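Here's the structure we're looking at; comments come further down.
The values are calculated or read from the model by the stated rules, or taken from the named source; none is laboratory data. Everything numeric in this text was worked out from a predicted model, so none of it was measured. All Cβ positions, even for glycine, are placed from backbone atoms using ideal geometry, and neighbour counts span all protein chains on display. Quick note on the areas: whole protein, heavy atoms, side chains included, nothing else; ligands and nucleic acids left out. Shrake-Rupley method; radii C 1.70, N 1.55, O 1.52, S 1.80 Å.
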Protein chains: 4
Amino acid sequence: MKNTATLLITCPDQKGIVAAIADFLFQHNANILHADQHQDSENNLFLMRVEWDLSDSDVNADNFNENFATIANRFNMHWQLKLSQRRPRMAIMVSQYDHCLADLLHRHQSGELACDIPLIISNHLDSKRLAEFYNIPFHHVVVSKENKIEAENRQFELFEAYEVDFIVLARYMQILSPEFVKRYPQRIINIHHSFLPAFIGARPYHRAFERGVKLIGATSHYVTEVLDEGPIIEQDIDRISHRDQVEDLIQKGRDLERIVLSRAVRWHVENRILLYANKTVIFD
Amino acid sequence: MKNTATLLITCPDQKGIVAAIADFLFQHNANILHADQHQDSENNLFLMRVEWDLSDSDVNADNFNENFATIANRFNMHWQLKLSQRRPRMAIMVSQYDHCLADLLHRHQSGELACDIPLIISNHLDSKRLAEFYNIPFHHVVVSKENKIEAENRQFELFEAYEVDFIVLARYMQILSPEFVKRYPQRIINIHHSFLPAFIGARPYHRAFERGVKLIGATSHYVTEVLDEGPIIEQDIDRISHRDQVEDLIQKGRDLERIVLSRAVRWHVENRILLYANKTVIFD
Amino acid sequence: MKNTATLLITCPDQKGIVAAIADFLFQHNANILHADQHQDSENNLFLMRVEWDLSDSDVNADNFNENFATIANRFNMHWQLKLSQRRPRMAIMVSQYDHCLADLLHRHQSGELACDIPLIISNHLDSKRLAEFYNIPFHHVVVSKENKIEAENRQFELFEAYEVDFIVLARYMQILSPEFVKRYPQRIINIHHSFLPAFIGARPYHRAFERGVKLIGATSHYVTEVLDEGPIIEQDIDRISHRDQVEDLIQKGRDLERIVLSRAVRWHVENRILLYANKTVIFD
Amino acid sequence: MKNTATLLITCPDQKGIVAAIADFLFQHNANILHADQHQDSENNLFLMRVEWDLSDSDVNADNFNENFATIANRFNMHWQLKLSQRRPRMAIMVSQYDHCLADLLHRHQSGELACDIPLIISNHLDSKRLAEFYNIPFHHVVVSKENKIEAENRQFELFEAYEVDFIVLARYMQILSPEFVKRYPQRIINIHHSFLPAFIGARPYHRAFERGVKLIGATSHYVTEVLDEGPIIEQDIDRISHRDQVEDLIQKGRDLERIVLSRAVRWHVENRILLYANKTVIFD
């Protein structure tokens, strides 16, 4: 099992940032495994991801903060340090369609996703057997117009009890309340079954069919207050033709949704995503 | 040079249509080269394209109408007969960006597009040399807010003088008047630089950049009265990342625009497109 | 549940074939749902797939042979009639990697694959739990150099006992004997993890990595006597870069393998594939 | 016009390289515009590309060597410094098919390719008019079995007279002699019309058609002594079906060839390519 640290940095762009970080890591005997950076000249922003081997470095989780403070202050940095041995804990929420859930669980079992899955929450019982097969606790939380607040409070309790770091909406067909969204900023990942910003909202495959498009898509994004307007993490498309009925769009779309969501989850888990200006930088 | 006829049919769906057409062609000794059909059960429509060799058939352009009338009436058909030896005449309209124009002209010269190009109309002079290189008459028609009606009348005169069958807007940056559009129904092909229905209207690459999408697209469609709402003929996309600035989107987009427009033009020229319910059927 | 018949025809090309078939179906009051045809001029072959609704037609499985014989003889046809209500029975063979198996089982459960899966055979025990989850009989048949003939005989017994129509090698890592292949002509579907004909044989991802290709692929094909040389049903690719190690190729490849194999299986099950000259025609 | 320097480095991997380079550039007041690096752990190699603004830096082309020598020696670096204001000079060689040539010339004129094109050499006269349209000197060098050495000597003279930096074979259908290849190591870019390593050698579209593949491809690579075995720069594919004849493959392939070659040329011109172990690293 690998033992690395990943540092994610956002700060105003200026000369000397890379030199300062590279020198800091060199002084602490860190072997850099990957480093990537991005400058956004329009917003004068510098964004960086650097990952190093912890095995022979004298900088570690306990003393990093203290050691790095001088540099962080000098360049006015927002930074996060992530350790590969502290696996993030992902809750999955799902309704009746279980193709994304089944896909995530199989990938997790195969070792593709370096996270823990402490629980699955559903407003239906369809996925219970699947959760049991993979030995993941399954919680049935019924949601209706009347009990929405109550239901979300129950969900919050579960997230806390299971120490959840982030939440994946794997075709969860309920709209979250603004309170829910505010509670987990940049920590809720959704899959929308269209290439956003086309076909925002309900029934995108039906509307794609009516419009007569030649491509369908899927989009994974962080959830923000405005429906389907959050920062896009990943998108992909498939080709359709006049022979494809709505059912065919739905079927082809399932493959897109699986793949697009799983990429977004993997990048999130591997700390490859930085956000700014309602956009994502993907360090791949 | 091939000598074929292509029959395009739309009619209410019922049993016996294919049998009637196939029998008709067999009775007239036609060798069917390609046949393809589509049923739209929702609208109870039957659509068909059939192409046959004219060389040893006794049915031809002159007597087809008369011979086929019984069948056409029996099934209440809309039909068109197209002859490969009567090449459609395409006018190209262009503004300053000439990449689609250059691409169409080179493909035409290579034999990819079985049409004639009797003229190019532009509201700028930039493409004049290119038109001359390919020996295509070039007409400069300046368009302004004030002279729009006048300018379009001049364009209509040119289309008539050159006996134009259809018009391709190869990045022509003027909005056509409703009169213009009505005059050439299903005979004006546009290229829009986004995957419609996302980013309808102006500056789609800038808006795609601001939204932070991970894919850009291009869409070729027939022009109708409502801007960017006409039947879609073809779409394609390319992948972008946070490293791509607006200029990169524009550059990558040029390749998409060229390819998407050229496919749409080819299918139109080869009589592979049927329209219904604001959609296209592409018989490829 | 739909109740249709699908007729697949291969015969020498000549005039009147379509007319004869369409007329036959019209005489028997068949409502054609889909019809598609292909002419191969080089080999002077005509290939056709036609599917019709059985509900109000007086031609059915029992009397079709008798009724159609005149036409079949006249045009020297090879033909097969397939009924949607007689679902083909698919055996899946798998070794240790279970991603294709898990994918096929989930698609089957979702209703994407209109076949029955009477059994899974593996030379390992890894997939036993998965088979049980989906309630599919699982048979463990150990294969070694010494017992190969014996093991295949045991497999043949199982195929017969379970009345298997065709066999899918879902990453089954044993080479079948020529006797096995001969026994199930055009009835064994394999997934090879490269874009054939590149990287025929073992360890294609390792060889792709060494060659420094920028794309990896997967190919689904019918198994013939010569390894990886059978008729190709479907292929697809994914983009890789210098950042991808062999492990990344293997991981990305799993998605390709799943999708490419599932398409091939679906087309086979829906009787959309005709073979000639070591090629496939896919009527989609 | 931008005024930047790009440094390309290859050296054995060890700690402190990035720190040394970043510190060096910071000391010389260089504003880093882009930096990207790659570690190949298998070969213990470190590869880096860094581009900075020359406008306010005191390190420049004249004094770089001297200033950088200490670092270069310390880490045993192979390095190249490229200046954006010294545009590389590209010769294009072409035979009869001019689609890649026309594409490169149009892109060059549009400003997509930051190089100069001092000359075009062809063994045919077909492209002469096109060269003249773009005001590029055109040289006709006939090549036959008998005069091959002579012809290549004439080509070498032209490359020297026009001070050519690298050579693009834009569908040049002659095999270069080993002497030619040795003379321009990593400076000859070819486009091969298949996804290598499939269909090495002649007539790849014909062989793809015969094999019945479902995808065709194109590959751009540096030319080495062994035919079609050089380091791959870029590849792409397009989907084909049983409806596509060899002519259709050739036509679809033209679009692939254009795009794949133009990407390779752009990356070469922008100094984004590093070679090692018969592979390319593309810093994009």
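Take peptide C:240-248, look around each residue's Cβ out to 10 angstrom, count Cβ atoms belonging to other protein chains, and average those counts.
3
Are there chymotrypsin sites (Phe, Trp or Tyr not before Pro) in the range D:191-284 that DSSP puts in a loop and that have at most 14 other Cβ atoms within 10 Å, and which ones?
Answer in residue order: no site qualifies.
Between the chain alone and the structure with every protein chain in place, find the residues of the range D:1-39 that drop at least 30 Å² of accessible area; heavy atoms, 1.4 Å probe.
Going by heavy-atom accessible area, the residues of the range D:1-39 that drop by at least 30 Å² are D:15, D:18, D:19, D:22, D:26, D:31, D:32, D:35, D:36, D:37, D:38, D:39.
In whole angstrom, note down how far apart the Cα centers of the range A:245-276 and the range C:108-167 are.
32 Å
Using the alpha carbon gyration tensor of the protein assembly as shown, what are the three equivalent-ellipsoid semi-axes (square root of 5 times each eigenvalue), largest first, in whole Å?
47, 41, 31
Under the rule of at least 5 residues apart or a separate chain, name every residue whose amide H is placed under 5 Å from the amide H of residue D:233.
Those qualifying (amide H under 5 Å, at least 5 residues apart or on another chain) are D:220, D:221, D:222.
If a paramagnetic tag sat 7 Å from the Cα of residue D:1 along the Cα-Cβ line, which residues of the range D:28-56 would have the backbone N under 15 Å from that point?
Correct set: D:54-55.
Which ³J(HN,Hα) values in Hz, rounded to whole numbers, follow from the phi angles of the range C:206-219 under the Karplus curve 6.51 cos²θ - 1.76 cosθ + 1.60, where θ = phi - 60° and Gly and Pro get x?
Coupling constants for the range C:206-219: 5, 6, 4, 4, 5, 6, x, 5, 9, 9, 10, x, 9, 9 Hz.
Per-residue Cβ counts within 10 Å, from other chains only, averaged over B:95-104: what number is that?
2
List the equivalent ellipsoid semi-axes of the range C:4-83 in whole Å, largest first, each obtained as the square root of 5λ for an eigenvalue λ of the Cα gyration tensor.
21, 13, 11
Quick one: label points 7 angstrom along Cα→Cβ at residue C:76, distances to the other copies in nm, smallest first?
Distances between equivalent label points, in nm: 4.4, 7.3, 8.5.
Can you pull the percent of the range C:89-282's accessible area that's carbon plus sulfur, 1.4 Å probe, other chains left in place?
Exposed carbon and sulfur together represent 50 percent of the surface.
Taking a threshold of 24 Å on the Cα-Cα distance, which of the pairs C:82/C:128; B:252/D:2; C:148/C:252 fall above it?
C:82/C:128; C:148/C:252
Using only the alpha-carbon atoms, what does the range B:79-203 span along each of its principal axes? Please give whole angstrom values in decreasing order.
Its Cα atoms span 41, 39, 33 Å along the three principal axes.
List the residues whose amide H sits under 5 Å from the amide H of residue A:95, counting only those 5 or more places along or on another chain, with H placed 1.01 Å from N in the peptide plane.
Placed amide hydrogens put A:172, A:173 under 5 Å from residue A:95.
How would B:146, C:163 line up by accessible area, probe 1.4 Å, largest first?
Per-residue accessible area, sorted high to low, gives B:146, C:163.
By how many degrees, between 0 and 90 and to the nearest 10, does the Cα long axis of helix B:148-161 differ from the longest principal axis of chain B?
The angle comes out near 40 degrees.
Sticking with the crude label model, points 7 Å out along Cα→Cβ, report the distance from residue A:89 to residue D:153 in nm, one decimal please.
Roughly 8.0 nm, to one decimal.
For the interface of B with C, what's the total buried accessible surface in square angstrom, probe 1.4 angstrom, rounded to the nearest hundred?
So the total buried area for this chain pair works out to about 1500 Å².
Among DSSP beta bridges lying fully in the range B:29-174, give the percent that are antiparallel, nearest 5.
Antiparallel bridges: around 45 percent, rounded to the nearest 5.
About the Cα centre of the range A:4-83, what is the dipole size in debye to 20, counting +1 per Lys and Arg Cβ and -1 per Asp and Glu Cβ, all else neutral?
With only Lys, Arg, Asp and Glu charged at Cβ, the dipole is about 180 debye.
Karplus couplings for the range B:223-234 from phi (6.51 cos²θ - 1.76 cosθ + 1.60, θ = phi - 60°), rounded to Hz, Gly and Pro as x?
8, 10, 4, 8, 3, 6, 10, x, x, 7, 9, 7
Shape of the range A:89-282 from its Cα gyration tensor (a ≥ b ≥ c, root eigenvalues): rounded if a/c is under 1.5, otherwise prolate when a/b > b/c, or oblate?
Rounded, since a/c falls under 1.5.
How large is ³J(HN,Hα) for each residue in the range C:166-171, as worked out from phi by the Karplus curve 6.51 cos²θ - 1.76 cosθ + 1.60 (θ = phi - 60°), to whole Hz, x for Gly and Pro?
My calculation for the range C:166-171 gives 8, 10, 10, 8, 8, 6 Hz in order.
Just which residues of the range B:177-195 lose 40 Å² or more accessible area with every protein chain there, against their chain alone, with the probe set to 1.4 Å?
Residues of the range B:177-195 that lose at least 40 Å² of accessible area once the other chains are added: B:195.
Can you give me the angle between helix A:61-74 and the longest principal axis of chain A, using Cα atoms only, in degrees from 0 to 90, rounded to the nearest 10?
For A:61-74 against chain A, the angle is about 80 degrees.
For chain B, what is the percent of antiparallel DSSP beta bridges, rounded to the nearest 5?
Once the DSSP bridges in chain B are tallied, antiparallel ones form about 70 percent.
Quick one: accessible area per residue over chain B, 1.4 Å probe, rounded to a whole number of Å²?
That works out to 41 Å² for each residue.
In terms of modelled amide H atoms, which long-range or inter-chain residues lie less than 5 Å from the amide H of residue C:240?
C:215, C:216
Using a loss threshold of 50 Å², tell me which positions in the range B:121-159 are less accessible in the complex than in their chain alone. Probe radius 1.4 Å, ligands and nucleic acids ignored.
Output list: B:129, B:133.
Measure nothing fancy, just the Cα-based angle from helix B:17-27's long axis to the longest principal axis of chain B, in degrees from 0 to 90, nearest 10.
70 degrees
Ignoring any ligand, DNA or RNA, what whole percent of the accessible area of the range B:4-83 comes from carbon and sulfur when the probe is 1.4 angstrom?
Solvent-exposed carbon and sulfur of the range B:4-83 make up 42 percent of the total.
Among DSSP beta bridges whose residues both lie in the protein assembly as shown, state the antiparallel percentage, nearest 5.
Percentage antiparallel, nearest 5: 70.
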